[in-house]
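The values are calculated or read from the model by the stated rules, or taken from the named source; none is laboratory data. Everything numeric here is computed off the predicted structure, so don't read it as measured data. Heads up, the Cβs are rebuilt from the backbone with ideal geometry, glycines too, and the neighbour counts pull from every protein chain shown. Keep in mind that these areas ignore ligands, DNA and RNA; they rest on the heavy atoms of the full protein, side chains included. Shrake-Rupley method; radii C 1.70, N 1.55, O 1.52, S 1.80 Å.
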Amino acid sequence: MRTEVAARLYVGSEVGTLRRVVLHRPDLELKRLTPRNKDALLFDDVLWVKRARQEHDAFADALADRGVEVLYLQELLAEVLEQPAVRDEVIARTLADVDLGPDLGPEVAAWLKSVSAVELAERLIGGITYEELPFTSHALSAQVPAVDGFVLAPLPNHLFTRDTSAWIYDGVSINAMAKPARRRESIHYDAIYRHHPAFAGATIWSDDLGGQAQLEGGDVLVIGNGCLLIGMGERTRPAPVER
């Protein structure tokens, strides 16, 4: 895990100088998109993943050429998953969200605890199909698998890193997403911001990530002088904004 001293954690303007940014490079989760599941996963169409990676890398290079430090979400997640307590918490929260039942759930948890942190981060974001399970389960959940074939659905919307968390002055809001397809993203940000040394000392605001609250970072604008402009509607609700 990285041990460098964290830079100042502060965002005071939407138009100020960008010094660091968290990105997610397109990977396995985008390869999982099909014409059948794209709507449920909130995509209008199936993407050409190779081209998406090329365009993403060009964007990241353009940022780096201008002196911006680019941090990658999946790498940050893998680094905090090296900590046993964090790994156990993330796995538990993830499986509680998908509810695989009293037999398959513990079997999947035991397997995920045995893999490397790098593979675990890839699985949590890229998803897991029943065919990829390295064991045979007699659980009812395994005998009658989900219609989409996923034990753990992929998270292709991790590509849009602004929504799931938003830096607001000297703190970060970890948001409860409106759509079920994005809810698990917040588990990853919560682990990263609370346990990665790059964000040590950050003030963290988060609501009940498993409840009905909805707050998305794309609706939050930092307009300066301690003020925010927040758009409320279908995605962002008044209660989490108030909290």
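So between Ala85 and Asp44, what do we pick up on full extension, going 0.36 nm a residue minus the alpha carbon distance?
Details: separation 41, 0.36 × 41 = 14.76 nm, distance 3.78 nm.
Gain on stretching Ala85 to Asp44: 11.0 nm.
If the cut-off is 26 Å between C-alpha atoms, which lysines fall inside it for Lys50, apart from same-chain ones fewer than 8 positions away?
Lys31, Lys38
Of all the accessible heavy-atom surface of the chain, with the other protein chains kept in place and a 1.4 Å probe, what percent is carbon and sulfur?
Working: 6630 of 12620 Å².
Taking all protein chains in place, the chain shows 53 percent carbon and sulfur surface.
Per residue of the chain, what 222 nm ellipticity follows from adding -39500 (n - 2.57) for every DSSP H run with n ≥ 4, rounded to the nearest 500? Before the final figure, lay out each step's value.
Details: 10 runs with 89 residues, N = 243.
For the chain, the value works out to -10500 deg cm²/dmol.
Could you size up the charge dipole of region 1-95 around its Cα centre, putting +1 on the beta carbon of Lys and Arg and -1 on that of Asp and Glu, and report it in debye to the nearest 20? If you can, show how the numbers build up before the last one.
Values: 15 positive and 17 negative charges, 29 e Å.
Once rounded to the nearest 20, the dipole reads 140 debye.
Any idea which of Ala109, Val46, Leu71 is furthest toward the positive side of the dipole for region 1-157, if Lys and Arg beta-carbons carry +1 and Asp and Glu beta-carbons -1?
It is Leu71.
Could you give the angle, 0 to 90 degrees to the nearest 10, between helix 117-126's Cα long axis and the longest principal axis of the Cα atoms of the chain?
Result, in degrees: 90.
State which stretch of the chain is the longest one without any exposed GluC sites (Glu not before Pro), exposure meaning a DSSP loop state and at most 12 other Cβ atoms within 10 Å. Before the final figure, lay out the partial values.
Details: sites that count: Glu4, Glu14, Glu234.
With GluC sites (Glu not before Pro) excluded where exposed in loops, the chain gives 15-233 as its longest stretch.
Evaluate 2.2 N^0.38 Å with N set to the residue count of region 105-243, then give the Cα radius of gyration divided by it. Intermediate results must be reported in sequence, preceding the final value.
Details: Rg = 17.6 Å, N = 139, 2.2 N^0.38 = 14.3 Å.
Ratio of Rg to 2.2 N^0.38 Å for region 105-243: 1.22.
In debye to the nearest 20, how big a dipole does the chain give about its Cα centre with +1 on each Lys and Arg Cβ and -1 on each Asp and Glu Cβ? Working shown, then result.
Details: 26 positive and 36 negative charges, 60 e Å.
Here the size comes out at about 280 debye.
Just flag the chymotrypsin sites (Phe, Trp or Tyr not before Pro) in region 92-137 sitting in loop per DSSP whose Cβ has no more than 16 other Cβ atoms within 10 Å.
Details: sites: Trp111, Tyr130, Phe135; in loops: Phe135.
Passing sites in region 92-137 are Phe135.
Where only protein heavy atoms count, and the probe is 1.4 Å, what is the accessible area per residue for region 115-243 in Å²? Provide the component values of the computation, followed by the final result.
Values: 5810 Å² over 129 residues.
Solvent-accessible surface per residue comes out at 45 Å².
Any chance you could give the angle, 0 to 90 degrees and rounded to 10, that helix 49-65 forms with the longest Cα principal axis of the chain?
It is inclined by approximately 30 degrees.
Given an 8 Å cut-off on Cα distances and at least 6 residues of separation, report the relative contact order of region 87-234 as a percent. Intermediate results must be reported in sequence, preceding the final value.
Numbers: 180 pairs, mean separation 29.4, N = 148.
Value for region 87-234: 20 percent.
Pop a pseudo-label 7 angstrom from the Cα along the beta-carbon direction at both Glu75 and Leu229 and give the gap in nm to one decimal.
3.4 nm
Using Cα Rg over 2.2 N^0.38 Å as the read-out, say which of (1) 1.14; (2) 1.03; (3) 1.23 was calculated from these coordinates.
Working out Cα Rg over 2.2 N^0.38 Å from the coordinates points to (2).
So what is the relative contact order for region 24-124, in percent, with contacts set as C-alpha pairs under 8 Å and at least six apart? Working shown, then result.
On the way: 60 pairs, mean separation 26.1, N = 101.
Dividing the mean separation by the residue count of region 24-124 yields 26 percent.
Among the DSSP beta bridges whose two residues both lie in the chain, what percent are antiparallel, rounded to the nearest 5?
Working: 11 of 19 bridges.
Of those bridges, close to 60 percent are antiparallel.
Full-extension gain between Ala60 and Arg183, please, as 0.36 nm times their residue separation minus the C-alpha to C-alpha distance. Display every interim value, and only then the final one.
Numbers: separation 123, 0.36 × 123 = 44.28 nm, distance 2.57 nm.
Length gained between Ala60 and Arg183: 41.7 nm.
Counting only Cα, what are the radius of gyration and maximum Cα-Cα distance Dmax of region 38-80, in Å?
According to the Cα coordinates of region 38-80, Rg and Dmax are 13.8, 38 Å.
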